[in-house]
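A short worksheet on the structure shown next.
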Amino acid sequence: MKVGIVGMPNAGKSTLFNALTRGGAQTGDYPFTTIEPNVAVAQVPDPKLEELAGTLESSQVTPETIDFHDIAGLVKGASEGEGLGNQFLASIRETDAICHVVRVHPLESGVPHPEGSVDPLRDIETIETELVLADYDQVERRLDRVTKQAKSGDAEAAAERDWLEVVKEALAEGRPVRSVTAPEGAPDAVRHLQALTSKPVLYVANVEEGEQEVPEALARHAKENGAVAIALSARIEGELSELGPAEAAEMRESYGLEGETGLERLVRAAWDLLGLITFYTAGEGTEAVARSLPEGGTAWDAAGTVHTDIQEGFVKAEVIGWDELVEFGTYAAARDAGRLRIEGRDYVVSEGDVVTIRT
């Protein structure tokens, strides 16, 4: 999964990137610190995987990962080449979801704002307007192509053309592509368009130290647009990422920060946003692996995440909940208790399933 971190210059994108990945992206209090999109892989914290691996005495533990792309700050006019322009809009196009960092902490923090004042909703509108304008140009180009195809009698092209006409109207009104239902007659239309505003959005309110609440106006905007919003202090998360577990816990306590870390909340929100579940493949004394699958995915789909050869040779799947396997301690004990189930290729995998594919 690829998540693009975007926002206005000095919103805290690279600081958040460093906190999440310890990637060391250059940071600074001036626009366009990130000149090339930084890409790093972050492991997804997974206590269930750790407990499962400990029970099975796994030889190796491989958590799921997220690719974070730190994309340079966008400014008004980016769709027309202002700032660092279209190359960064193209970088967003390659991602699966958008993590939109919105500055909430005040100017008194010492970090300047390119507009001279802090206004989260204004900044959101600036970024989203540029994405809408870029998509409008993309729709016009795609529409010219499929209109020609539709004239030859191609039914799917005709369905895509009709959908694009509706999308064009929505974008002209400032609404994102994701607000228009995908056409049944052209199932690949959304993928072909590669629209920026078709991607799910996670707003990250970059708040003052010690704050954990998303501002009401930002939370309302996210809800109205089918997005998700969380709050964290990128600076604090950056400092925490450089500490050991004990020191980090002490620092979090000093700021009154409770519950999950910023990374854990961000990962959970991203997972929920994309409709992903986590299942496991694990053997006794062998590797324990966390794998992601779209919600509603089947045992056949799960086999494909392991290897295409295993998917092609699929015969059956042995399935057990991770907590049940931990409870019984071994596969043999779970099998003797009748808790290890045999499932076919159409079985819908559940969150936390441990799946063994038999070929």
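Just so you know, all these numbers are worked out from the coordinates, no wet-lab data involved. The structure presented is a predicted model; accordingly, all values stated were derived computationally and were not measured. For neighbour counting, all protein chains shown are included, and Cβ atoms are generated from backbone atoms with ideal geometry for every residue, glycine included.
PRE reach from GLU343 (point 7 Å along Cα→Cβ): which of the stretch 300-318 fall under 18 Å by backbone N? Once the point is set 7 Å along Cα→Cβ of GLU343, 300-307, 310-318 turn out to lie under 18 Å by backbone N, inside the stretch 300-318. Applying the criteria of a DSSP loop state and at most 16 other Cβ atoms within 10 Å to the GluC sites (Glu not before Pro) of the stretch 291-334 yields GLU295.
Its relative contact order, with pairs defined as Cα atoms under 8 Å and 6+ residues apart, puts the stretch 296-358 at 51 percent. Counting every other Cβ atom within 10 Å of each residue's Cβ, TRP163, TRP300 order from fewest to most as TRP300, TRP163. Matching the structure-derived Cα Rg over 2.2 N^0.38 Å against the labelled list (i) 1.38; (ii) 1.93; (iii) 1.11 gives the label (iii). Across the stretch 129-197, Cα pairs under 8 Å and at least six residues apart give a relative contact order of 40 percent.
Quick check on the chain: helices-only [θ] at 222 nm, where DSSP H runs of length 4 and up contribute -39,500 (n - 2.57) each and the sum goes over total residues. Nearest 500, please. Spell out each step's value before the answer.
Numbers: 14 runs with 147 residues, N = 359.
The per-residue figure over the chain is -12000 deg cm²/dmol.
With contacts taken as Cα pairs under 8 Å at a separation of at least 6 residues, the chain carries a relative contact order of 19 percent. Counting every other Cβ atom within 10 Å of each residue's Cβ, MET1, MET8 order from fewest to most as MET1, MET8.
In this structure, the residue pairs whose Cα-Cα separation is over 24 Å, taken from LYS148/LYS168; LYS13/LYS199; LYS48/LYS199; LYS2/LYS148, are LYS48/LYS199; LYS2/LYS148.
Please build a GNM for the chain, connecting alpha carbons under 10 Å apart, and tell me which residue among VAL102, VAL111, VAL167 fluctuates the most. Highest fluctuation of the listed residues: VAL111. Counting neighbouring beta carbons within 10 Å and listing from fewest to most, the residues LYS223, LYS316, LYS13 come out as LYS223, LYS316, LYS13.
Applying 1/(1 + (r/R0)^6) with r as the Cβ-Cβ distance of LYS223 and THR308 and R0 = 35 angstrom yields a FRET efficiency of 0.30. For the stretch 129-197, the extents of the C-alpha atoms along the principal axes are 35, 20, 18 Å, listed from largest to smallest.
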